[in-house]
Amino acid sequence: MGISLKLSFMDTSSAARFQSMFSFLPKQMQNTLFLRAFGFLKVPLIFACRPKVLELTDQKTVVKFPLTRTTRNHLRSMYFGALTIGADCAGGMIAMKLITEAKADVSLVFKDLHAEFLKRAEGDVYFTCEDGDAIAATVKKTIESGERQNVPVKVIATVPSHLGNEPVARFTLTLSLKKRQRKEA
């Protein structure tokens, strides 16, 4: 028996169906499959980086990007484009989770990005976002008002295998949410 996913699986009802299909798996594996399926169907560069969701709560997310041939630059450290994709994933996962749980039809996009690259990332990179409370408040306000809402989201990238908790990069992304209007026939 094969599993077929529609290209529009990221609408709220389809995301809920996706989660229920894999409810027998541990939550961490479900979250990783969800992110990779989203990448495969919507943003192939995410899929190519092979992200793994290590933690996803209403307050915090941790996403791991392995240092592979695909994510590496000519200096054998993680390419800054891959680092930016990791920040995007970590910053967006909490919002995607909250939107799905609210069964709301809300579009999510990052409208700008500020990055500080502090050290070379010479190992697997862990992207951590702890702005869940601010994201939750913005999701709620978006659903209630129907207006576009923006919130800055901070993401820290670390390489625990080489540098412990010392950041290799810091990101601030502006998350922009808007309730989709139903088209009338």
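Annotations for the structure displayed:
- Within region 95-130, being closer than 30 Å to residue 73 by Cβ and among the aliphatic types (A, V, I, L, M) holds for 95, 96, 108, 109, 113, 115, 118, 121, 125.
- Residues in region 121-143 that are of a type outside the set (Val, Ile, Thr) and under 13 Å from the mean Cα position of the chain (by Cα): 126, 127, 129, 130, 131, 132.
- Helices (runs of 4 or more DSSP H) wholly inside region 23-110 that include at least 1 residues being closer than 22 Å to residue 141 by Cα and in contact (Cβ under 8 Å) with a residue 40 or more places away in the chain: 80-101
- For the residues 146, 39, the requirement of being within 15 Å of the chain's Cα centre (by Cα) and of a type outside the set (Lys, Arg) singles out 39.
- Residue 100 being surrounded by 15 or more Cβ atoms within 10 Å (Cβ to Cβ) and modelled with pLDDT of 95 or more: no
- Single residue of region 1-15 satisfying the filter (part of a helix (DSSP H, G or I) and surrounded by 13 or more Cβ atoms within 10 Å (Cβ to Cβ)) that is modelled with the lowest pLDDT: 12
- Taken as a whole, the structure places residue 134 among residues that are out of contact with any helix residue (DSSP H, G or I) (no Cβ under 7 Å at 6 or more places or on another chain), part of a helix (DSSP H, G or I), more than 20 Å from residue 40 (Cα to Cα) and modelled with pLDDT of 95 or more.
- In region 156-165, the condition of being outside any helix (DSSP H, G or I), at negative phi and at pLDDT below 95 is met by at least one residue.
- Residue satisfying condition, being over 14 Å from residue 93 (Cα atoms), of a type in the set (S, T, N, Q) and in a strand (DSSP E or B), within set 172, 128, 142: 172
- Options 163, 118: the member that is of a type in the set (A, V, I, L, M), more than 17 Å from the chain's Cα centre (by Cα) and surrounded by fewer than 15 Cβ atoms within 10 Å (Cβ to Cβ): 118
- Options 168, 139: the member that is over 16 Å from residue 109 (Cβ atoms), touching a residue at least 40 places away in the same chain (Cβ under 8 Å) and crowded, with 16+ Cβ neighbours inside 10 Å: 168
- Residue 150 passes every criterion in (1) touching a Phe, Trp or Tyr at 6+ places or on another chain (Cβ under 6 Å); (2) free of Cβ contacts under 8 Å to residues at least 60 places away in the same chain apart from (1).
The values are calculated or read from the model by the stated rules, or taken from the named source; none is laboratory data. This one's a predicted model, so the numbers in the text were calculated from it and none came from an experiment. Don't worry about glycine lacking a Cβ; one is built from the backbone with ideal geometry, like all the others, and counts go over all protein chains shown.
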